[in-house]
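The values are calculated or read from the model by the stated rules, or taken from the named source; none is laboratory data. On a predicted model such as this, the values are computed, not experimentally measured, just so you know. Please note: Cβ atoms are built from the backbone with ideal geometry, for glycine as well, and neighbour counts cover all protein chains shown. The protein model used for the area step is the full one, side chains on, heavy atoms only, and it has no ligands, DNA or RNA in it. Shrake-Rupley method; radii C 1.70, N 1.55, O 1.52, S 1.80 Å.
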Amino acid sequence: MQQLTNAEKKLVSSLGQVKSRRESGLFVAEGTRCVLEALPLFACRYLLATEEWLRGHGEALRGFDVIQVWAKDMERMSQQKAPQGVLAVLEIPRRDLDVNSLKGKLTVALDSVQDPGNLGTIVRLCSWFGVKTLLCSKGCADVYNPKVVQSTMGALGRVAVHYCDLEEVLPSVGEPIYGTFLDGKDLFHTPLTSSGVIVMGNEGNGVSPGVARLVSHRLYIPPYPADAEAVESLNVATATAITLARFRNP
């Protein structure tokens with residue numbers, strides 16, 4: 001069977017680190033569902049699978065060049081505690097941000113969302129609610145982190161993610177800028193536009209002061225009933241889900 005060189009094995013193993021991903025322009029997708037959903041959406045450098053996995057799922061990879069690897073090598077290269085037996089090394093797409101393309105559309109902007117699970121879930125939410133562009137401040141987690149890729153469940157190939165300086169980009173979008181704040185107006189009783197930018201803030205600190213100054217419409221997700229004792233705030237991914245659902249059903 002075709003084998004990876006030691007240098008190639010070392011490269012695959014290193015893709016858990018952001019520096020290696022940036023230098024190589026590559027990232028990893030692991031697990032049956034994640035790999036099968038990602039393969040049609042990204043250019044693939046290496047597609048690796050164990051003999052055991054191929055026996056059960058090999059037909060799904062017909063037409064792809066698969067390198068069979070030993071289970072022990074898969075364990076060494078994998079970023080998972082319990083590897084599922086299939087791993088794809090994919091090319092990070094090169095996308096340039098065209099601010100003009102955001103006009104007339106709904107866009108989500110994340111201000112220093114640092115938890116990989118939250119970021120991955122938000123990418124899935126964007127895909128589900130038809131948001132094609134996700135703007136991330138430079139303080140956000142890396143969207144090609146293996147944990148983020150895993151939690152997007154294939155949605156990463158359907159949403160264009162751009163890292164940028166939000167304070168520079170948002171004023172040039174030319175659309176209403178919404179954000180969620182504890183002192184905002186009730187999300188469910190506020191008129192909303194069909195296009196605009198929805199800013200979601202950091203898990204602990206919310207929207208940063210500089211970005212907050214650019215928000216033209218401050219929104220609040222109220223508890224139920226309104227006078228009930230509630231947690232201090234919602235998880236950012238949960239808040240994004242509620243907000244997007246409201247925008248898609250104004």
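When region 46-82 is examined, which residues are found to be in contact with a strand residue (DSSP E or B) (Cβ under 8 Å, 6 or more places away or on another chain), within 29 Å of residue 161 (Cα to Cα), without any contact (Cβ under 8 Å) to a residue 60 or more places away in the chain and surrounded by fewer than 17 Cβ atoms within 10 Å (Cβ to Cβ)?
64, 65
Which residues, taken from region 113-123, are buried (at least 21 other Cβ atoms within 10 Å of the Cβ) and either assigned to a helix (DSSP H, G or I) or touching a Ser or Thr at 6+ places or on another chain (Cβ under 7 Å) (or both)?
The answer is 118, 119, 120, 121, 122, 123.
Might you check whether a residue that is of a type in the set (Val, Ile, Thr), modelled with pLDDT of 95 or more and open to solvent by less than 70 Å² (accessible area, probe 1.4 Å) occurs anywhere in region 208-222?
Scanning region 208-222 turns up at least one residue that is of a type in the set (Val, Ile, Thr), modelled with pLDDT of 95 or more and open to solvent by less than 70 Å² (accessible area, probe 1.4 Å).
Among the residues of region 77-96, write down those that are over 16 Å from the mean Cα position of the chain (by Cα) and either under 19 Å from residue 41 (Cα atoms) or assigned to a strand (DSSP E or B) (or both). Working first, answer last.
In the first step, residues of region 77-96 are kept if they are over 16 Å from the mean Cα position of the chain (by Cα); the result is 77-89, 96.
Residues satisfying the conditions are 86, 87, 88, 89, 96.
I'd like to check something: does region 98-106 contain any residue that is at pLDDT 95 or above and at positive phi?
yes
Say we look at region 223-246 and pick out the residues that are in contact (Cβ under 8 Å) with a residue 60 or more places away in the chain and among the aliphatic types (A, V, I, L, M); which of these is surrounded by the fewest Cβ atoms within 10 Å (Cβ to Cβ)?
In this case the residue turns out to be 245.
Quick one: which strands (runs of 3 or more DSSP E) lie wholly within region 161-250 and hold at least 2 residues that are within 23 Å of the chain's Cα centre (by Cα)?
177-186, 196-200
Which residues, counting only those in region 130-152, are free of Cβ contacts under 8 Å to residues at least 40 places away in the same chain, more than 17 Å from residue 37 (Cα to Cα) and open to solvent by less than 20 Å² (accessible area, probe 1.4 Å)?
Selection gives 134, 136, 140, 141.
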